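Some notes on the structure that comes next.
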């Protein structure tokens, strides 16, 4: 909804990806955002809709352990929500083997959880034996700014770096062989690429390509 209500127009990459997901079937290659943003405009202010929001040049994706190809069902979501569901024993398949060889995707929200909270949630998933079952992790570009927690670009970069370190620490402890791609453009930043929940995702490390099947 945030993307559909984006001032001016949909981000071109969001539009292209959404059209593919809704009106086509088959493989679709995701691409790093050419330009992106995580600073919001006030929808209560009519002036916010007079022009498209300012964006920043894309920084590409960062790959860890990208010496292999992983292909499997996608599963995951917003890390905070997923943590709550895990605590309630909801939304988890009875047979954890359903995750084997799959692609985990996670992202954090505008509430900007601390690096400590991110690590603890992943640690708890690791203790349940979930993390080691996946072949790859796609970590969404973290949202670093919100009206409740406005950060300067420098503060935002530091927050993102701390989150990345927390993710790496947890994965090294519980799933050291997993391939990780950081700053994939889905979740709470703009643009938002569409991932097929439960659908096929292919992560080609040597080629640095991510392909989904709608």
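The values are calculated or read from the model by the stated rules, or taken from the named source; none is laboratory data. The shown structure was predicted, so the numbers you read here are calculated from the model rather than taken from an experiment. A quick note on method: Cβ atoms are made from the backbone with ideal geometry, for glycine too, and the neighbour counts reach across all protein chains shown.
Annotations
- Residue that is surrounded by the fewest Cβ atoms within 10 Å (Cβ to Cβ) [pool: residues in region 59-78 that are at pLDDT 95 or above and not in a strand (DSSP E or B)]: 67
- Looking at 82, 86, 104, just one residue is part of a helix (DSSP H, G or I) and surrounded by 17 or more Cβ atoms within 10 Å (Cβ to Cβ), and that residue is 82.
- On the stretch given as region 11-38, residues that are free of Cβ contacts under 8 Å to residues at least 40 places away in the same chain, within 10 Å of residue 214 (Cβ to Cβ) and assigned to a loop (DSSP other than H, G, I, E, B) total 0.
- Scanning region 142-159 for residues that are surrounded by fewer than 19 Cβ atoms within 10 Å (Cβ to Cβ) and in contact with a strand residue (DSSP E or B) (Cβ under 9 Å, 6 or more places away or on another chain) turns up just one, 153.
- Test result for residue 165, in contact with a helix residue (DSSP H, G or I) (Cβ under 7 Å, 6 or more places away or on another chain), loosely packed, with under 14 Cβ neighbours inside 10 Å, at pLDDT 95 or above and within 25 Å of residue 117 (Cβ to Cβ): yes
- Options 200, 193; residue that is crowded, with 21+ Cβ neighbours inside 10 Å and either in contact (Cβ under 8 Å) with a residue 24 or more places away in the chain or touching a helix residue (DSSP H, G or I) at 6+ places or on another chain (Cβ under 7 Å) (or both): 193
- Any pair with Cβ under 8 angstrom, 6 or more apart, that starts in region 94-112 at a residue that is over 19 Å from residue 138 (Cβ atoms) and ends at one that is in a helix (DSSP H, G or I): 96/133; 97/133; 111/80; 112/159
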